[in-house]
Amino acid sequence: MDAQYYGEIGIGTPSQKFIVIFDTGSSNLWVPSSKCYFSVSFDFSNSRFLSIYSFNHVLIILDMDIGCLPFSLKVQGDPFKHLEEKWYRTSAAIQYGTGAISGIFSQDFVQLGDLVVKEHDFIEATKEPSITFLAAKFHGILGLGFQEISVGNVVPMWWFSCPVSY
């Protein structure tokens, strides 16, 4: 059956709205980026994440020319551990059964209904070359799978909605 479950999420402060597919076969959240150079998305002109408009955005990227220092100086604990962790999560590529995307990791507030996850890692898609994204009526994908299958070992957004008991 060709059913798609989708909904609206917000990313950033103030919130930028996106329609995403809820996908149980993946674990990452991605939306088109304003830095997207190639896209066949159905609503590309009005559906790009503009990081410059968000007060809480952090770009997770390292600059080789300045000695591998992160642009984000939000270092907690051992700074070398932070650098090592971020090194492996600067860029991302996801291959689905019906298409692929690639992009860069970012961090910002993400809202789904009443749930707001602060400093959530997601992918700003810079390439969406698959025809699937032209035919479907969504901007991105919110993965509902487990962390073990996520690209970059990112904690899935749904994990933050689980009650914690000690």
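A few comments on the model shown:
- Extending 7 Å from Cα along the Cβ direction at Lys127 and again at Ser15 yields two label points whose distance is 3.3 nm.
- Modelled label positions at Lys35 and Ile149, each set 7 Å beyond Cα in the direction of Cβ, lie 2.8 nm from each other.
- Under 5 Å, built H, 5+ apart or other chain: amide partners of Tyr96: Ile101
- Computed E for Glu119/Ala3 - FRET, C-beta separation, R0 25 angstrom, nearest 0.05: 0.15
Readers should treat all values here as calculations from the given coordinates under stated rules, not as data from a laboratory. Note that this is a predicted model, so its numbers are computed, not measured. Counting neighbours? That spans all protein chains shown, and the Cβs are built from the backbone with ideal geometry, glycine included.
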